[in-house]
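Here the structure comes first, spelled out in structure tokens, and everything after it is commentary.
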Amino acid sequence: MACKKNSFESKSDFEPKEFSYTEMKIPDFFGSLVTNHWKDFNAIDHSDYDALFSENEISEENSLNNKTFYTIKILHELFTSKNASNGSKGEILNIPYFWHWINPNPRYEIKSLLTNKNLNQVKPPKEFANYKSYADIDRTPYLFLSELVIEKELYHTATEGYFSTFGWCSEREMAFICLLNTLGYEGKVITNTIIVGQNLLFRCVKKTTN
């Protein structure tokens, strides 16, 4: 799946560089995003970076360490909502949180802009044929990510407005881990806990001592 993204916006007191991205595969886009903007994230807030590197004696001079840390941090910031409640979004991307497998299902109120019907009235794709409707499917990493990078919004609700993709805890976590794995980082989702920190420490180069 290819995507097109343009520019980076910030309300901080510094001016980040702006980048344009040509059409590319999803992992390549997010990899380029990290490379181009990790210094912006560091300038906004580097307290967690400083604490982790200091406590574990990780070298700040090693470029691979910085790339590893900020790949995980930036993707986490992009995909995480503020809390586990319907309509909650993160600070950067407009990805609403919607509960699943509860009654009533809040996803029944989401309207598909392609069909102009609520998702519970939309037939699921053939790969989700065992589900009653599009609103009932478990959103796979491929579906979550591929819809995220489509140029036009796909969905609408009266409370959340227009958006391209959505998901609850496990769907967001699986997309996050799948993307990390594609970029060469190991991670697992275990009872809603994302295990990437230990792998981060193993990959990082320690400070040298005289």
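The values are calculated or read from the model by the stated rules, or taken from the named source; none is laboratory data. Just so it is clear, the structure is predicted and the values come from calculations on it, not from any experiment. For neighbour counting, all protein chains shown are included, and Cβ atoms are generated from backbone atoms with ideal geometry for every residue, glycine included. Please note that ligands, DNA and RNA were not included when accessible areas were found on the heavy atoms of the full protein model with its side chains. Shrake-Rupley method; radii C 1.70, N 1.55, O 1.52, S 1.80 Å.
Rounding to the nearest 20 debye, state how big the charge dipole of segment 3-145 is about its Cα centre with +1 on each Lys and Arg Cβ and -1 on each Asp and Glu Cβ.
1220
Which one of TYR108, LEU78, SER88 is farthest out on the positive end of the charge dipole of segment 75-121, using unit charges on Cβ (Lys, Arg +1; Asp, Glu -1) and the Cα centre as origin?
Of the listed residues, the answer is TYR108.
Can you work out the FRET efficiency for the pair SER59 and TYR142, with r the C-beta to C-beta distance and R0 = 30 Å, to the nearest 0.05?
Details: r = 36 Å, r/R0 = 1.21.
For SER59 and TYR142, the calculated efficiency is 0.25.
What distance in nm separates the simple spin-label points at TRP101 and LYS67, each placed 7 Å from Cα in the Cβ direction?
Computed distance between label sites TRP101 and LYS67 equals 3.8 nm.
How much solvent-accessible surface does TYR162 expose, in Å² to the nearest 10, with a 1.4 Å probe and all protein chains in place?
130
Could you rank the peptides 72-82, 163-173, 102-112 by their average count of other C-beta atoms within 10 Å per residue, with the highest value first?
Top of the packing list down: 163-173, 72-82, 102-112.
Starting from the Cα-Cα distance between ILE92 and GLU77, subtract it from 0.36 nm times their residue separation and give me the gain in nm to one decimal.
Contour length minus the Cα-Cα distance gives 4.7 nm.
What ranking do 129-142, 174-187, 42-55 get when scored by the average of other Cβ atoms within 10 Å per residue, highest first?
Result, highest mean Cβ count within 10 Å first: 174-187, 129-142, 42-55.
If each residue of separation counts as 0.36 nm, what is the full-extension length gain between ASN120 and GLU23 once their alpha-carbon separation is subtracted? Provide the component values of the computation, followed by the final result.
Values: separation 97, 0.36 × 97 = 34.92 nm, distance 3.27 nm.
Full extension from ASN120 to GLU23 adds 31.6 nm.
Scan around SER112 for amide H atoms under 5 Å from its own, H built in the peptide plane at 1.01 Å from N, and keep only partners 5 or more places away or cross-chain.
LYS117, ASN118, LEU119
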